[in-house]
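Beneath this line is the structure, given in structure tokens, with notes to follow.
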Protein chains: 2
Amino acid sequence: METLAQQINIEKTKHSKIDQVDFDDLSFGSIFSDHMLVCDYKNGNWETPKIMPYGPISLDPSAKIFHYGQSIFEGMKAYKDADEQVWLFRPHDNHRRFNISAERMAMPEIPQAYFMEGLETLIGLEKAWIPSTDGSALYIRPFMFASGKGFHASPADAYKFLICLAPSGAYFSGKVKVLIEEKYSRSADGGTGFAKAGGNYAGQFYPTQLAAKKGYHQVIWTDDHKHEFIEEAGAMNIFVRLGDTLVTAPTSDRILDGITRKSILQISERENIKTEVRKITVGEVVEAAQDGSLKEMFGAGTAAVISPIATFGYRGKDYDLPELENSYASRLKKRIVDIQYNRAEDPFGWRYGI
Amino acid sequence: METLAQQINIEKTKHSKIDQVDFDDLSFGSIFSDHMLVCDYKNGNWETPKIMPYGPISLDPSAKIFHYGQSIFEGMKAYKDADEQVWLFRPHDNHRRFNISAERMAMPEIPQAYFMEGLETLIGLEKAWIPSTDGSALYIRPFMFASGKGFHASPADAYKFLICLAPSGAYFSGKVKVLIEEKYSRSADGGTGFAKAGGNYAGQFYPTQLAAKKGYHQVIWTDDHKHEFIEEAGAMNIFVRLGDTLVTAPTSDRILDGITRKSILQISERENIKTEVRKITVGEVVEAAQDGSLKEMFGAGTAAVISPIATFGYRGKDYDLPELENSYASRLKKRIVDIQYNRAEDPFGWRYGI
């Protein structure tokens, strides 16, 4: 029997753009590879995916994506090792989370074969687009949105699933200064915060702009009730090191189940770094900053892997974090990145060869 | 000096679809008129709007609308009176709210002339598309979304503003049965609930589907903290009549400042219907249903005007509302609709002739 991958029709581009790309000077997610995967959902079924030249999508102006925000995505990366072998990192977890997001947004789940075989076929074709420069990778963006028509505020009857690829450099660079937010919120109890849904991100832009005007790069999100608990850092999960213990907030319907987050917890366990998964109060972080027990804070996510925080602001005052020689952040980032680029053993079975 | 309207370039369709439309059998928002208005925002400026045949929009797959949900909309209607004169209802309020939504979603505001002159020019051209059947109207959908490219989770650098028109019949018909929701939530304190942002709607679909499986048409949203207060009904504001007093929840960052909602409050004041704008607890509504003082519940919004609720469900029990001869719902709906269709005096100055 034919596998799904064998059925995928591939239309190759006549004009590759690869020669125009400076792979030594990549920004994040702004250059796209030659091809993309497109798969349509109609009449209750996913059609066979197609791979075609990267190019515009045509949609009716009443497509529900424009009006009611039915959209979800994932962020992944493909890494090339010294032998030009290509690796993914825990891709089945992205597929699982994609379908969790889909359910919450009343969108159809995508079968594993469509996600995984589509991904592997596309990346196999675009292998030359994976950067070899240290710190760079091929950013992978699987996404789905409502293409069905009509102004009725109800789920669409048609969807598009795409995978696009963007050779990318580091997401953040330099020292990150964050603001603990006390007015705006990212998500509600019983809301969509745990899903990678488009609307969760748009809602963060304005508060982040306000913070930027005060000189901060990102917002630390707190609960919407009393702004008492630290929950996420921008679009990343957050870790706080108190003494020698690494603490992160538990996942919930407000907090994303980050793949980097859980990898950090697993690596820490193996390395005998003490971790706690519990609610973190703003009060204890401020107090720890004052008494010197706050050693580190960092964001964790696919795009930036680990993004150390240099300063946090709270109620008009800035608190600087110490600069440590052997920080957990740098140690854990090295462990993860070494697994991702096949530079170290992978005792967890996270690496996935293509 | 030329007005903006005089600068709008109009490309007329060669093939009108109007003869294919049965204006006596219209559903809601599923048929679109011949033309649409399109206006692009680039390099920090709105370009001159264009009117062109209704047709597909072409977007880069990395357009931020697909990934980060930057989208807002308005819902309005154009009404035709017995003399074929065309009217809008409080259109400047829609424009104002559109810009309030835009600010919260970190999108550019649209100048009043672009909104109003664009609207008037388009509707003037599409006058034949305004239904004359009672209860029908030309539904107007102004909307804006992020067309700028890139996977960086930050506001786009380009946007599209469009106005599309859909001759429409009633949004709901028949008796509406609603479920008071205690698990899922529509919005957070400090969130985007007051904005007409796409993501607010997508998040409602799944809980509404779950309610539908239990036989309910819509969900009554409560606060996300303790599900103690009644806030909205589906995508509408909610009114509860306790004895002879009409009560609605105050607007907040969780609750939309509905134009129908505030019109109902103003008409009620003039008609000596006692109103209260205050928090409504689920407990008092259930108690009032039990002791007979709960006379009416209805949703209020542009699409349905006033949508009376026949039954509400709470914790596994259904509560039927009485069927009143002279309900506030039917009386207030008649007052509003009579103003909209120019069948009665408009002491408020709400009607806006085109």
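Residues in region B:10-59 that are touching a Phe, Trp or Tyr at 6+ places or on another chain (Cβ under 8 Å), in contact (Cβ under 8 Å) with a residue 60 or more places away in the chain and among the acidic types (D, E): B:D34, B:D40.
Pairs linking a residue in region A:244-272 that is in contact (Cβ under 8 Å) with a residue 60 or more places away in the chain and more than 26 Å from B:D224 (Cβ to Cβ) to a residue that is assigned to a helix (DSSP H, G or I) and among the polar types (S, T, N, Q), with Cβ atoms under 9 Å and 6 or more positions apart or on different chains, are A:L246/A:S268; A:I259/A:N94. When region A:1-53 is examined, which residues are found to be in a loop (DSSP other than H, G, I, E, B) and among the small types (G, A, S)? Once the filter is applied, which keeps residues that are in a loop (DSSP other than H, G, I, E, B) and among the small types (G, A, S), region A:1-53 yields A:S16, A:S27, A:G29, A:S30, A:S33, A:G44. Taken across region B:303-316, residues that are at pLDDT 95 or above, exposed (fewer than 14 other Cβ atoms within 10 Å of the Cβ) and assigned to a loop (DSSP other than H, G, I, E, B) do occur, with at least one present. Taken over region B:104-115, the criterion of being over 30 Å from A:Y171 (Cα atoms), in contact with a strand residue (DSSP E or B) (Cβ under 9 Å, 6 or more places away or on another chain) and either free of Cβ contacts under 8 Å to residues at least 60 places away in the same chain or facing chain A (nearest Cβ under 8 Å) (or both) is satisfied by B:F115 alone.
Checking the conditions here, which among A:A235, A:A249 is of a type in the set (A, V, I, L, M, F, W, C) and at pLDDT below 95? Show your work before the answer.
Values: A:A249 fails: at pLDDT below 95.
Only one candidate passes the filter, namely A:A235.
Pick from A:T260, A:T208: which is over 15 Å from the mean Cα position of the chain (by Cα), at pLDDT 95 or above and either buried (at least 24 other Cβ atoms within 10 Å of the Cβ) or not basic (K, R) (or both)? Quick ask: steps written out before the conclusion?
Numbers: A:T260 fails: over 15 Å from the mean Cα position of the chain (by Cα).
None of the others qualify; the one that does is A:T208.
Among the candidates A:K149, A:K127, which residue alone is farther than 30 Å from A:V240 by Cα, facing chain B (nearest Cβ under 8 Å) and basic (K, R)? Among A:K149, A:K127, only A:K149 is farther than 30 Å from A:V240 by Cα, facing chain B (nearest Cβ under 8 Å) and basic (K, R). Only a single criterion out of (1) surrounded by 18 or more Cβ atoms within 10 Å (Cβ to Cβ); (2) more than 27 Å from B:K12 (Cα to Cα); (3) within 15 Å of the chain's Cα centre (by Cα) is not satisfied by B:R96, namely (1).
Quick check on this structure: which one of B:A158, B:A170, B:A233 is more than 8 Å from chain A (Cβ to nearest Cβ), under 20 Å from B:G258 (Cα atoms) and surrounded by fewer than 19 Cβ atoms within 10 Å (Cβ to Cβ)?
None of the other options fit; the residue is B:A170.
With respect to B:G135, is the statement that it is more than 7 Å from chain A (Cβ to nearest Cβ), without any contact (Cβ under 8 Å) to a residue 40 or more places away in the chain and closer than 30 Å to B:I51 by Cα true? Spelling it out, B:G135 is indeed more than 7 Å from chain A (Cβ to nearest Cβ), without any contact (Cβ under 8 Å) to a residue 40 or more places away in the chain and closer than 30 Å to B:I51 by Cα.
Residue count for region A:73-103 satisfying the condition of being in contact (Cβ under 8 Å) with a residue 24 or more places away in the chain and touching a Pro at 6+ places or on another chain (Cβ under 9 Å): 8. Output yes when any residue across region B:320-330 is of a type in the set (F, W, Y), buried (at least 19 other Cβ atoms within 10 Å of the Cβ), in contact (Cβ under 8 Å) with a residue 24 or more places away in the chain and not in a loop (DSSP other than H, G, I, E, B), and no when none is. Looking through region B:320-330, at least one residue is of a type in the set (F, W, Y), buried (at least 19 other Cβ atoms within 10 Å of the Cβ), in contact (Cβ under 8 Å) with a residue 24 or more places away in the chain and not in a loop (DSSP other than H, G, I, E, B).
Considering only residues that are closer than 16 Å to A:R104 by Cα and more than 9 Å from chain B (Cβ to nearest Cβ), which ones fall in region A:173-204? Outline the logic, then answer.
Our first condition is that a residue be closer than 16 Å to A:R104 by Cα; within region A:173-204, this holds for A:187-201.
Correct list: A:F194, A:K196.
Pairs meeting the criteria (first residue in region B:213-237 and within 15 Å of B:V176 (Cα to Cα), second residue among the aromatic types (F, W, Y), beta carbons under 7 Å, at least 6 apart or on different chains) are B:I220/B:F312; B:E232/B:W221; B:A235/B:Y201.
Just to be sure, is A:V305 farther than 19 Å from A:V219 by Cβ, in contact with a Ser or Thr (Cβ under 7 Å, 6 or more places away or on another chain) and in contact (Cβ under 8 Å) with a residue 24 or more places away in the chain? Working first, answer last.
Values: farther than 19 Å from A:V219 by Cβ: yes; in contact with a Ser or Thr (Cβ under 7 Å, 6 or more places away or on another chain): yes; in contact (Cβ under 8 Å) with a residue 24 or more places away in the chain: yes.
Considered against the rule, which asks whether it is farther than 19 Å from A:V219 by Cβ, in contact with a Ser or Thr (Cβ under 7 Å, 6 or more places away or on another chain) and in contact (Cβ under 8 Å) with a residue 24 or more places away in the chain, A:V305 comes out as yes.
Residue count for region A:332-353, restricted to those that are in contact (Cβ under 8 Å) with a residue 24 or more places away in the chain, surrounded by fewer than 16 Cβ atoms within 10 Å (Cβ to Cβ), within 21 Å of the chain's Cα centre (by Cα) and not in a strand (DSSP E or B): 1. If the condition is being under 20 Å from the mean Cα position of the chain (by Cα) and among the hydroxyl-bearing types (S, T, Y), then region A:303-331 contributes A:S307, A:S330.
Here is a yes/no grid of residues against (1) of a type outside the set (V, I, T); (2) farther than 30 Å from B:T192 by Cα; (3) within 14 Å of chain B (Cβ to nearest Cβ):
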site: A:I51; (1), (2), (3): no, yes, yes
site: A:P61; (1), (2), (3): yes, no, yes
site: A:I65; (1), (2), (3): no, no, yes
site: A:M76; (1), (2), (3): yes, no, yes
site: A:Y79; (1), (2), (3): yes, yes, no
site: A:D83; (1), (2), (3): yes, yes, no
site: A:P91; (1), (2), (3): yes, yes, no
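Those strands (runs of 3 or more DSSP E) of region A:130-197 in which at least 1 residues are assigned by TED's automatic domain parsing to the domain that holds A:T251 and out of contact with any Leu (no Cβ under 9 Å at 6 or more places or on another chain), considering only elements entirely within it, cover A:176-180.
In region A:57-128, counting only strands (runs of 3 or more DSSP E) that sit wholly within it, the ones holding 2 or more residues that are within 17 Å of A:F145 (Cβ to Cβ) and outside the structural domain of A:G203 (by TED's automatic domain parsing) span A:57-59, A:71-73. Test A:D19 against the stated conditions and say whether it is away from chain B (no Cβ under 14 Å) and farther than 30 Å from B:I51 by Cβ. Yes: the conditions hold for A:D19.
For B:S136, the requirement of being more than 30 Å from B:G174 (Cα to Cα) and hydroxyl-bearing (S, T, Y) is not met.
Of A:I230, A:I255, A:I220, which residue is part of a strand (DSSP E or B), under 18 Å from the mean Cα position of the chain (by Cα), aliphatic (A, V, I, L, M) and assigned by TED's automatic domain parsing to the domain that holds A:F298?
Values: A:I230 fails: under 18 Å from the mean Cα position of the chain (by Cα); A:I255 fails: part of a strand (DSSP E or B).
Just one listed residue meets the conditions, A:I220.
The values are calculated or read from the model by the stated rules, or taken from the named source; none is laboratory data. In this text the structure is predicted, and so the values were computed from the model without any measurement. Note: ideal-geometry Cβ built from the backbone for every residue, glycine included; neighbour counts use all protein chains shown.
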